[in-house]
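Undergrad: One structure is given below, represented as C-alpha coordinates, and several questions about it will come after.
The values are calculated or read from the model by the stated rules, or taken from the named source; none is laboratory data. Remember, predicted model here, so these are calculated numbers, not experimental data. All Cβ positions, even for glycine, are placed from backbone atoms using ideal geometry, and neighbour counts span all protein chains on display. With ligands, DNA and RNA removed, areas are computed over all heavy atoms of the protein, side chains included. Shrake-Rupley method; radii C 1.70, N 1.55, O 1.52, S 1.80 Å.
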Amino acid sequence: MLGPVRITSALVDPALLDLPWSTPLEEWPAQHLVALPQGISRHIVRFVRLGEYVYAFKETRERIAEREYDLLRALERIDFPSVEAVAVVADRQTEDGEPLESVLITRHLQFSLPYRALFSHTLRPETMSRLLDALAALIVRMHLTGFFWGDCSLSNTLFRRDAGAFAAYLVDAETGALHTSLSNGQRGEDLEIARVNIFGEALDLQAAGLLHESIDPEVVCEEVVQRYERLWHEITYEQAVEREARRDIEGRIRRLNELGFDVAEVAMSSIDNGRYLVRPKVVDAGYHTRRLLRLTGLDAEENQARKLLNDLDAYRAESDLVDEQQAAHRWLTEVFEPVVRAVPAHLRRKLEPQELFAQIIEHKWLLSEQAGRDVGMRNAVQSYLTDVLVHRPDEQAILGVEVPSLS
Ligand SMILES: Nc1ncnc2c1ncn2[C@@H]1O[C@H](COP(=O)(O)OP(=O)(O)OP(=O)(O)O)[C@@H](O)[C@H]1O
Ligand SMILES: [Mg+2]
(Lines give C-alpha, C1' and ligand atoms only; values in the text may rest on other atoms or scores of the structure.)
(Ligands and ions follow the chains in the order given, each with its own letter.)
Protein backbone atom coordinates (compact mmCIF):
# COMPACT_ATOMS: atom_id res chain seq x y z
CA MET A 1 0.00 0.00 0.00
CA LEU A 2 2.89 2.33 0.74
CA GLY A 3 4.24 4.42 -2.11
CA PRO A 4 7.71 5.93 -1.83
CA VAL A 5 6.73 9.01 0.20
CA ARG A 6 9.28 11.37 1.69
CA ILE A 7 8.81 12.41 5.30
CA THR A 8 10.52 15.33 6.99
CA SER A 9 9.73 15.02 10.63
CA ALA A 10 10.57 15.75 14.20
CA LEU A 11 8.26 12.93 15.11
CA VAL A 12 9.78 9.50 15.08
CA ASP A 13 6.71 7.35 14.80
CA PRO A 14 6.82 4.44 12.36
CA ALA A 15 3.01 4.35 12.42
CA LEU A 16 3.27 7.38 10.15
CA LEU A 17 4.44 5.05 7.37
CA ASP A 18 1.37 2.85 7.62
CA LEU A 19 -1.09 5.58 6.74
CA PRO A 20 -2.83 5.44 3.34
CA TRP A 21 -0.62 8.06 1.68
CA SER A 22 -1.63 7.01 -1.84
CA THR A 23 -5.22 8.05 -1.16
CA PRO A 24 -6.33 11.72 -1.24
CA LEU A 25 -6.91 12.92 2.33
CA GLU A 26 -10.57 13.52 1.59
CA GLU A 27 -11.10 9.79 0.99
CA TRP A 28 -9.24 8.40 3.98
CA PRO A 29 -11.11 5.64 5.76
CA ALA A 30 -12.85 6.58 9.00
CA GLN A 31 -10.71 4.21 11.06
CA HIS A 32 -7.86 6.74 10.95
CA LEU A 33 -9.95 9.82 11.60
CA VAL A 34 -11.24 11.61 14.66
CA ALA A 35 -14.26 13.89 14.42
CA LEU A 36 -13.43 17.18 16.10
CA PRO A 37 -14.65 20.69 15.55
CA GLN A 38 -12.67 22.56 12.92
CA GLY A 39 -12.70 25.95 11.29
CA ILE A 40 -13.34 26.87 7.71
CA SER A 41 -10.42 26.29 5.35
CA ARG A 42 -9.51 26.25 1.69
CA HIS A 43 -7.42 23.14 2.08
CA ILE A 44 -8.57 19.72 3.15
CA VAL A 45 -7.88 19.30 6.87
CA ARG A 46 -8.47 16.05 8.75
CA PHE A 47 -7.76 14.96 12.32
CA VAL A 48 -5.87 11.69 12.46
CA ARG A 49 -5.04 9.55 15.45
CA LEU A 50 -1.56 8.12 15.77
CA GLY A 51 -0.76 6.23 18.93
CA GLU A 52 -2.12 8.24 21.80
CA TYR A 53 -2.17 11.60 20.06
CA VAL A 54 -4.35 13.36 17.57
CA TYR A 55 -2.81 15.33 14.71
CA ALA A 56 -4.18 17.75 12.17
CA PHE A 57 -3.30 16.82 8.56
CA LYS A 58 -3.51 19.51 5.92
CA GLU A 59 -3.15 18.78 2.22
CA THR A 60 -1.33 21.54 0.37
CA ARG A 61 1.45 22.24 -2.15
CA GLU A 62 4.87 21.01 -1.14
CA ARG A 63 6.53 24.45 -1.09
CA ILE A 64 3.74 25.86 1.04
CA ALA A 65 3.79 22.94 3.47
CA GLU A 66 7.54 23.24 3.91
CA ARG A 67 7.43 26.96 4.42
CA GLU A 68 4.67 26.70 6.99
CA TYR A 69 6.52 23.86 8.71
CA ASP A 70 9.69 25.97 9.02
CA LEU A 71 7.80 28.99 10.23
CA LEU A 72 5.84 27.06 12.87
CA ARG A 73 9.09 25.53 14.11
CA ALA A 74 10.62 29.01 14.35
CA LEU A 75 7.61 30.25 16.30
CA GLU A 76 7.88 27.30 18.63
CA ARG A 77 11.51 28.17 19.34
CA ILE A 78 10.48 31.62 20.55
CA ASP A 79 7.67 30.14 22.63
CA PHE A 80 4.95 31.75 20.59
CA PRO A 81 1.39 30.45 21.05
CA SER A 82 0.87 28.56 17.81
CA VAL A 83 0.14 24.99 16.81
CA GLU A 84 3.20 22.73 16.71
CA ALA A 85 4.40 21.42 13.37
CA VAL A 86 5.55 17.81 13.41
CA ALA A 87 6.05 16.68 9.82
CA VAL A 88 5.76 17.24 6.10
CA VAL A 89 4.95 14.28 3.89
CA ALA A 90 5.88 14.83 0.25
CA ASP A 91 6.23 12.87 -3.02
CA ARG A 92 2.87 11.23 -2.64
CA GLN A 93 1.18 9.52 -5.55
CA THR A 94 -1.90 7.43 -6.19
CA GLU A 95 -1.60 3.76 -7.06
CA ASP A 96 -1.91 4.79 -10.72
CA GLY A 97 1.08 7.09 -10.34
CA GLU A 98 -0.89 10.37 -10.28
CA PRO A 99 0.88 12.92 -8.06
CA LEU A 100 -0.86 13.93 -4.83
CA GLU A 101 -0.34 17.08 -2.77
CA SER A 102 1.93 17.12 0.26
CA VAL A 103 0.63 16.95 3.81
CA LEU A 104 1.57 19.23 6.68
CA ILE A 105 1.09 17.56 10.05
CA THR A 106 0.60 19.59 13.22
CA ARG A 107 -0.19 18.38 16.70
CA HIS A 108 -3.84 18.90 17.53
CA LEU A 109 -4.14 21.64 20.11
CA GLN A 110 -5.95 20.03 23.04
CA PHE A 111 -9.02 21.73 24.45
CA SER A 112 -8.94 24.21 21.59
CA LEU A 113 -12.10 25.68 20.22
CA PRO A 114 -12.43 27.09 16.72
CA TYR A 115 -14.52 30.24 16.88
CA ARG A 116 -17.38 28.56 15.06
CA ALA A 117 -17.68 26.08 17.92
CA LEU A 118 -17.81 28.98 20.35
CA PHE A 119 -20.48 30.64 18.27
CA SER A 120 -22.61 27.56 17.98
CA HIS A 121 -24.95 28.74 20.71
CA THR A 122 -25.27 32.37 19.75
CA LEU A 123 -22.49 34.09 21.53
CA ARG A 124 -23.20 36.61 24.23
CA PRO A 125 -21.66 40.05 23.73
CA GLU A 126 -19.37 39.60 26.79
CA THR A 127 -17.96 36.38 25.39
CA MET A 128 -17.41 38.07 22.06
CA SER A 129 -15.59 40.85 23.80
CA ARG A 130 -13.26 38.35 25.48
CA LEU A 131 -12.53 36.63 22.21
CA LEU A 132 -11.61 39.95 20.65
CA ASP A 133 -9.34 40.75 23.59
CA ALA A 134 -7.56 37.44 23.17
CA LEU A 135 -7.13 37.99 19.46
CA ALA A 136 -5.86 41.55 19.91
CA ALA A 137 -3.36 40.35 22.52
CA LEU A 138 -2.17 37.62 20.16
CA ILE A 139 -1.51 40.13 17.39
CA VAL A 140 0.31 42.50 19.75
CA ARG A 141 2.48 39.68 20.98
CA MET A 142 3.10 38.63 17.40
CA HIS A 143 4.13 42.09 16.32
CA LEU A 144 6.43 42.52 19.31
CA THR A 145 8.36 39.45 18.16
CA GLY A 146 8.56 40.73 14.57
CA PHE A 147 6.08 38.28 13.12
CA PHE A 148 3.92 39.50 10.25
CA TRP A 149 0.84 37.29 9.97
CA GLY A 150 -0.57 38.35 6.65
CA ASP A 151 -3.85 36.48 7.10
CA CYS A 152 -5.16 37.21 10.55
CA SER A 153 -8.72 35.99 10.91
CA LEU A 154 -10.95 34.24 13.41
CA SER A 155 -10.70 30.99 11.48
CA ASN A 156 -6.92 31.12 11.53
CA THR A 157 -7.01 31.38 15.30
CA LEU A 158 -7.83 28.77 17.91
CA PHE A 159 -9.12 29.67 21.34
CA ARG A 160 -8.56 27.90 24.63
CA ARG A 161 -10.43 28.74 27.79
CA ASP A 162 -8.42 30.81 30.19
CA ALA A 163 -10.10 31.33 33.55
CA GLY A 164 -13.15 33.17 32.29
CA ALA A 165 -11.28 34.69 29.36
CA PHE A 166 -9.67 33.13 26.29
CA ALA A 167 -6.14 32.56 25.11
CA ALA A 168 -5.64 32.73 21.35
CA TYR A 169 -3.31 30.54 19.29
CA LEU A 170 -2.18 30.94 15.73
CA VAL A 171 -3.17 27.95 13.61
CA ASP A 172 -2.42 29.01 10.04
CA ALA A 173 1.04 30.48 9.37
CA GLU A 174 1.00 29.98 5.62
CA THR A 175 1.28 33.68 4.79
CA GLY A 176 3.47 34.69 7.72
CA ALA A 177 7.04 35.95 7.86
CA LEU A 178 9.38 36.39 10.80
CA HIS A 179 11.42 39.61 10.73
CA THR A 180 13.73 41.14 13.33
CA SER A 181 11.15 43.85 13.90
CA LEU A 182 8.14 45.35 12.13
CA SER A 183 7.69 48.88 10.85
CA ASN A 184 4.53 50.82 11.65
CA GLY A 185 3.57 50.34 8.01
CA GLN A 186 3.82 46.57 8.27
CA ARG A 187 1.82 46.53 11.47
CA GLY A 188 -0.83 48.70 9.87
CA GLU A 189 -1.04 46.42 6.86
CA ASP A 190 -1.44 43.34 9.04
CA LEU A 191 -4.22 45.04 11.00
CA GLU A 192 -6.00 46.06 7.84
CA ILE A 193 -6.01 42.44 6.66
CA ALA A 194 -7.36 41.39 10.05
CA ARG A 195 -10.09 44.01 9.85
CA VAL A 196 -11.28 42.90 6.41
CA ASN A 197 -11.16 39.18 7.26
CA ILE A 198 -12.99 39.55 10.56
CA PHE A 199 -15.64 41.75 8.99
CA GLY A 200 -16.33 39.01 6.44
CA GLU A 201 -16.43 36.32 9.11
CA ALA A 202 -18.79 38.33 11.30
CA LEU A 203 -21.08 38.88 8.30
CA ASP A 204 -21.13 35.13 7.68
CA LEU A 205 -22.04 34.47 11.28
CA GLN A 206 -24.78 37.05 11.08
CA ALA A 207 -26.17 35.48 7.91
CA ALA A 208 -26.19 32.10 9.68
CA GLY A 209 -28.16 33.62 12.57
CA LEU A 210 -25.30 33.02 15.00
CA LEU A 211 -24.53 36.59 15.92
CA HIS A 212 -26.29 38.17 18.86
CA GLU A 213 -28.57 40.92 17.51
CA SER A 214 -26.74 43.57 19.49
CA ILE A 215 -23.44 42.76 17.75
CA ASP A 216 -22.64 44.69 14.59
CA PRO A 217 -20.01 43.14 12.23
CA GLU A 218 -18.66 46.57 11.43
CA VAL A 219 -18.09 47.25 15.13
CA VAL A 220 -16.58 43.82 15.76
CA CYS A 221 -13.72 44.28 13.34
CA GLU A 222 -13.12 47.87 14.45
CA GLU A 223 -12.97 46.65 18.04
CA VAL A 224 -10.11 44.24 17.36
CA VAL A 225 -8.09 47.06 15.87
CA GLN A 226 -8.91 49.45 18.71
CA ARG A 227 -8.08 46.93 21.39
CA TYR A 228 -4.83 46.21 19.61
CA GLU A 229 -3.97 49.92 19.43
CA ARG A 230 -4.71 50.44 23.11
CA LEU A 231 -2.57 47.51 24.19
CA TRP A 232 0.23 48.42 21.81
CA HIS A 233 0.26 51.94 23.14
CA GLU A 234 0.31 50.81 26.76
CA ILE A 235 3.29 48.63 26.02
CA THR A 236 5.34 50.94 23.86
CA TYR A 237 4.56 54.56 24.70
CA GLU A 238 7.35 56.83 25.80
CA GLN A 239 6.68 58.40 29.13
CA ALA A 240 8.19 61.60 30.44
CA VAL A 241 8.97 61.36 34.16
CA GLU A 242 10.62 63.59 36.75
CA ARG A 243 14.02 62.51 37.94
CA GLU A 244 12.63 61.69 41.38
CA ALA A 245 9.61 59.82 40.13
CA ARG A 246 10.97 56.32 40.22
CA ARG A 247 7.58 55.12 41.39
CA ASP A 248 6.02 56.09 38.07
CA ILE A 249 8.34 53.73 36.28
CA GLU A 250 7.73 50.96 38.77
CA GLY A 251 4.00 51.49 38.44
CA ARG A 252 4.24 51.19 34.69
CA ILE A 253 6.23 47.97 34.93
CA ARG A 254 3.73 46.55 37.38
CA ARG A 255 0.87 47.44 35.03
CA LEU A 256 2.63 45.72 32.16
CA ASN A 257 3.20 42.64 34.31
CA GLU A 258 -0.51 42.69 35.15
CA LEU A 259 -1.23 42.64 31.44
CA GLY A 260 1.03 39.61 31.24
CA PHE A 261 4.13 41.22 29.72
CA ASP A 262 7.64 40.87 31.04
CA VAL A 263 9.93 43.87 30.97
CA ALA A 264 13.61 43.19 30.39
CA GLU A 265 15.01 46.68 30.67
CA VAL A 266 13.92 50.27 30.68
CA ALA A 267 15.48 52.64 28.17
CA MET A 268 15.92 56.15 29.51
CA SER A 269 17.06 59.34 27.89
CA SER A 270 17.13 62.69 29.58
CA ILE A 271 15.15 65.58 28.15
CA ASP A 272 14.81 69.08 29.57
CA ASN A 273 15.22 70.26 33.21
CA GLY A 274 15.84 66.97 34.89
CA ARG A 275 13.05 65.05 33.21
CA TYR A 276 13.52 61.66 31.64
CA LEU A 277 11.93 59.92 28.72
CA VAL A 278 11.26 56.31 29.59
CA ARG A 279 10.44 53.40 27.37
CA PRO A 280 10.23 49.85 28.71
CA LYS A 281 11.62 47.06 26.60
CA VAL A 282 8.92 44.44 26.70
CA VAL A 283 10.44 41.09 25.99
CA ASP A 284 7.69 38.64 26.33
CA ALA A 285 4.12 37.90 27.18
CA GLY A 286 3.27 35.18 29.66
CA TYR A 287 4.55 36.75 32.87
CA HIS A 288 2.22 34.78 35.16
CA THR A 289 2.50 31.63 33.07
CA ARG A 290 6.25 31.66 33.55
CA ARG A 291 6.12 32.41 37.27
CA LEU A 292 3.68 29.54 37.84
CA LEU A 293 5.75 27.18 35.73
CA ARG A 294 8.91 28.11 37.61
CA LEU A 295 7.29 27.63 41.01
CA THR A 296 5.08 24.61 40.46
CA GLY A 297 5.90 23.04 37.11
CA LEU A 298 2.27 23.63 36.07
CA ASP A 299 1.78 24.94 32.57
CA ALA A 300 -1.26 27.20 32.40
CA GLU A 301 -2.64 30.01 30.32
CA GLU A 302 -2.00 33.56 31.50
CA ASN A 303 -5.25 34.22 33.39
CA GLN A 304 -5.42 30.73 34.81
CA ALA A 305 -1.87 31.23 36.04
CA ARG A 306 -2.82 34.57 37.59
CA LYS A 307 -5.69 32.94 39.53
CA LEU A 308 -3.61 29.97 40.61
CA LEU A 309 -0.83 32.28 41.76
CA ASN A 310 -3.30 34.38 43.77
CA ASP A 311 -4.41 31.22 45.51
CA LEU A 312 -0.82 30.15 46.06
CA ASP A 313 0.14 33.58 47.44
CA ALA A 314 -2.84 33.55 49.81
CA TYR A 315 -1.90 30.06 50.94
CA ARG A 316 1.65 31.18 51.53
CA ALA A 317 0.51 34.16 53.60
CA GLU A 318 -1.93 32.06 55.65
CA SER A 319 0.55 29.33 56.38
CA ASP A 320 3.32 31.79 57.23
CA LEU A 321 5.78 30.26 54.83
CA VAL A 322 8.57 32.62 53.91
CA ASP A 323 10.22 30.54 51.26
CA GLU A 324 8.30 30.90 48.00
CA GLN A 325 9.55 27.65 46.52
CA GLN A 326 8.66 25.66 49.61
CA ALA A 327 5.21 27.26 49.81
CA ALA A 328 4.64 26.43 46.14
CA HIS A 329 5.52 22.82 46.68
CA ARG A 330 3.19 22.50 49.68
CA TRP A 331 0.37 24.29 47.85
CA LEU A 332 0.73 21.94 44.90
CA THR A 333 0.52 18.78 46.97
CA GLU A 334 -1.91 19.98 49.64
CA VAL A 335 -4.28 22.19 47.66
CA PHE A 336 -4.05 21.85 43.90
CA GLU A 337 -3.60 18.11 43.51
CA PRO A 338 -6.30 17.04 46.00
CA VAL A 339 -8.82 19.31 44.27
CA VAL A 340 -8.05 17.90 40.84
CA ARG A 341 -8.10 14.35 42.18
CA ALA A 342 -11.52 14.97 43.70
CA VAL A 343 -12.94 15.25 40.21
CA PRO A 344 -14.08 11.82 38.99
CA ALA A 345 -12.12 10.60 35.97
CA HIS A 346 -15.09 10.71 33.60
CA LEU A 347 -15.61 14.40 34.36
CA ARG A 348 -11.98 15.34 33.87
CA ARG A 349 -12.11 15.51 30.11
CA LYS A 350 -14.60 18.34 30.31
CA LEU A 351 -11.95 20.87 31.17
CA GLU A 352 -8.23 20.70 31.69
CA PRO A 353 -7.00 20.58 35.32
CA GLN A 354 -5.69 24.16 35.45
CA GLU A 355 -8.98 25.52 34.11
CA LEU A 356 -10.92 23.25 36.49
CA PHE A 357 -8.99 24.56 39.44
CA ALA A 358 -9.40 28.19 38.36
CA GLN A 359 -13.15 27.69 38.01
CA ILE A 360 -13.41 25.96 41.36
CA ILE A 361 -11.73 28.80 43.22
CA GLU A 362 -14.01 31.23 41.44
CA HIS A 363 -16.99 29.08 42.47
CA LYS A 364 -15.74 28.94 46.05
CA TRP A 365 -15.56 32.71 46.10
CA LEU A 366 -19.14 33.02 44.82
CA LEU A 367 -20.49 30.53 47.36
CA SER A 368 -18.62 32.24 50.18
CA GLU A 369 -20.04 35.61 49.10
CA GLN A 370 -23.56 34.18 49.18
CA ALA A 371 -23.04 32.50 52.54
CA GLY A 372 -21.24 35.45 54.06
CA ARG A 373 -18.44 33.17 55.25
CA ASP A 374 -15.70 30.99 53.84
CA VAL A 375 -17.42 27.77 52.73
CA GLY A 376 -14.14 25.85 52.48
CA MET A 377 -12.59 24.01 49.59
CA ARG A 378 -14.31 20.67 50.19
CA ASN A 379 -17.81 22.15 49.94
CA ALA A 380 -16.85 24.27 46.97
CA VAL A 381 -15.55 21.25 45.07
CA GLN A 382 -18.66 19.19 45.80
CA SER A 383 -21.00 21.96 44.78
CA TYR A 384 -18.98 22.67 41.63
CA LEU A 385 -19.09 19.03 40.57
CA THR A 386 -22.81 18.55 41.08
CA ASP A 387 -24.10 21.99 40.08
CA VAL A 388 -21.73 23.13 37.37
CA LEU A 389 -19.41 20.59 35.85
CA VAL A 390 -21.88 17.80 35.03
CA HIS A 391 -23.77 20.20 32.78
CA ARG A 392 -20.78 21.12 30.64
CA PRO A 393 -19.94 19.44 27.34
CA ASP A 394 -16.64 17.58 26.97
CA GLU A 395 -14.00 19.82 25.55
CA GLN A 396 -10.95 17.64 25.57
CA ALA A 397 -10.09 16.34 22.17
CA ILE A 398 -8.88 12.95 23.17
CA LEU A 399 -9.11 9.55 21.66
CA GLY A 400 -12.46 7.90 21.71
CA VAL A 401 -14.27 11.09 22.51
CA GLU A 402 -16.34 12.05 19.56
CA VAL A 403 -17.21 15.70 19.35
CA PRO A 404 -19.63 16.61 16.58
CA SER A 405 -18.05 18.53 13.71
CA LEU A 406 -19.23 22.09 13.83
CA SER A 407 -17.70 23.51 10.69
N1 LIG B 1 -3.13 21.66 15.01
C2 LIG B 1 -4.44 21.93 14.97
N3 LIG B 1 -5.18 21.82 16.11
C4 LIG B 1 -6.50 22.09 16.09
N5 LIG B 1 -7.18 22.48 15.00
C6 LIG B 1 -6.50 22.61 13.85
C7 LIG B 1 -5.09 22.35 13.77
N8 LIG B 1 -4.69 22.56 12.50
C9 LIG B 1 -5.79 22.95 11.81
N10 LIG B 1 -6.88 22.97 12.60
C11 LIG B 1 -8.25 23.33 12.21
O12 LIG B 1 -8.36 23.27 10.82
C13 LIG B 1 -8.76 24.54 10.30
C14 LIG B 1 -8.07 24.83 8.98
O15 LIG B 1 -6.66 24.89 9.13
P16 LIG B 1 -5.83 25.98 8.33
O17 LIG B 1 -6.32 27.32 8.66
O18 LIG B 1 -4.38 25.70 8.56
O19 LIG B 1 -6.23 25.61 6.83
P20 LIG B 1 -6.14 26.51 5.51
O21 LIG B 1 -6.80 25.74 4.45
O22 LIG B 1 -4.71 26.86 5.29
O23 LIG B 1 -6.93 27.80 5.83
P24 LIG B 1 -7.08 29.06 4.84
O25 LIG B 1 -8.36 28.85 4.14
O26 LIG B 1 -7.13 30.19 5.83
O27 LIG B 1 -5.86 29.10 3.95
C28 LIG B 1 -8.41 25.55 11.37
O29 LIG B 1 -9.29 26.64 11.36
C30 LIG B 1 -8.57 24.73 12.66
O31 LIG B 1 -9.92 24.77 13.10
MG1 LIG C 1 -6.83 28.93 7.57
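Undergrad: Out of all the residues in segment 171-190, is one or more in contact with a Ser or Thr (Cβ under 8 Å, 6 or more places away or on another chain), over 23 Å from residue 301 (Cβ atoms) and either more than 16 Å from ligand 2 (Cβ to nearest atom) or hydrophobic (A, V, I, L, M, F, W, C) (or both)?
TA: Scanning segment 171-190, I find at least one residue that is in contact with a Ser or Thr (Cβ under 8 Å, 6 or more places away or on another chain), over 23 Å from residue 301 (Cβ atoms) and either more than 16 Å from ligand 2 (Cβ to nearest atom) or hydrophobic (A, V, I, L, M, F, W, C) (or both), so the answer is yes.
Undergrad: Select from segment 276-317 the residues that are part of a helix (DSSP H, G or I) and at pLDDT below 85 and write down the one among them that is surrounded by the most Cβ atoms within 10 Å (Cβ to Cβ).
TA: Initially, segment 276-317 is screened for residues part of a helix (DSSP H, G or I), giving 287-296, 302-317.
With at pLDDT below 85 added as a condition, the list becomes 287, 317.
Numbers: 287: 19, 317: 10.
For segment 276-317, the residue satisfying everything is 287.
Undergrad: Sticking with this structure for a sec: Spot the failing condition for residue 114; the list is (1) modelled with pLDDT of 90 or more; (2) open to solvent by less than 30 Å² (accessible area, probe 1.4 Å); (3) within 16 Å of ligand 1 (Cβ to nearest atom), and only one is missed.
TA: (1)
Undergrad: Look at residue 160 and say whether it is in a strand (DSSP E or B), under 26 Å from residue 286 (Cβ atoms) and of a type outside the set (Gly, Ala, Ser). Lay out the reasoning, then the answer.
TA: Working: in a strand (DSSP E or B): yes; under 26 Å from residue 286 (Cβ atoms): yes; of a type outside the set (Gly, Ala, Ser): yes.
Judged against the criteria, residue 160 is a match.
Undergrad: Follow-up. For residue 134, all conditions in the list (1) open to solvent by less than 30 Å² (accessible area, probe 1.4 Å); (2) more than 13 Å from the chain's Cα centre (by Cα); (3) without any contact (Cβ under 8 Å) to a residue 40 or more places away in the chain hold save one; what is the number of the exception?
TA: Residue 134 satisfies all of (1) open to solvent by less than 30 Å² (accessible area, probe 1.4 Å); (2) more than 13 Å from the chain's Cα centre (by Cα); (3) without any contact (Cβ under 8 Å) to a residue 40 or more places away in the chain except (2).
Undergrad: Let me ask another. For segment 135-157, enumerate the residues that are within 16 Å of ligand 2 (Cβ to nearest atom) and either within 23 Å of residue 355 (Cβ to Cβ) or part of a loop (DSSP other than H, G, I, E, B) (or both).
TA: Those that are within 16 Å of ligand 2 (Cβ to nearest atom) and either within 23 Å of residue 355 (Cβ to Cβ) or part of a loop (DSSP other than H, G, I, E, B) (or both): 135, 138, 149, 150, 151, 152, 153, 154, 155, 156, 157.
Undergrad: Continuing with the same structure: Can you pull out the residues in segment 106-134 that are out of contact with any Phe, Trp or Tyr (no Cβ under 6 Å at 6 or more places or on another chain), part of a helix (DSSP H, G or I) and closer than 28 Å to residue 186 by Cα?
TA: Within segment 106-134, 115, 128, 129, 132, 133 qualify.
Undergrad: Please verify whether residue 74 is within 12 Å of ligand 1 (Cβ to nearest atom) and small (Gly, Ala, Ser), treating the condition exactly as stated. I'd like the intermediate steps shown before the answer.
TA: On the way: within 12 Å of ligand 1 (Cβ to nearest atom): no; small (Gly, Ala, Ser): yes.
Spelling it out, it is not the case that residue 74 is within 12 Å of ligand 1 (Cβ to nearest atom) and small (Gly, Ala, Ser).
Undergrad: Suppose the filter is away from ligand 1 (no atom under 13 Å from the Cβ) and modelled with pLDDT of 90 or more; does residue 139 pass it? Talk me through it step by step, then tell me what you get.
TA: Numbers: away from ligand 1 (no atom under 13 Å from the Cβ): yes; modelled with pLDDT of 90 or more: yes.
Against the criterion (away from ligand 1 (no atom under 13 Å from the Cβ) and modelled with pLDDT of 90 or more), residue 139 qualifies.
Undergrad: Another question about this same structure. For segment 159-216: of the residues being open to solvent by 40 Å² or more (accessible area, probe 1.4 Å) and β-branched (Val, Ile, Thr), which is farthest from residue 130 (Cα to Cα)?
TA: Out of the qualifying residues, it is 180.
Undergrad: Residue by residue through segment 35-70, note down the ones that are more than 9 Å from ligand 1 (Cβ to nearest atom), open to solvent by less than 20 Å² (accessible area, probe 1.4 Å) and either closer than 26 Å to residue 141 by Cα or assigned to a helix (DSSP H, G or I) (or both).
TA: Hit for segment 35-70 is 65, nothing else.
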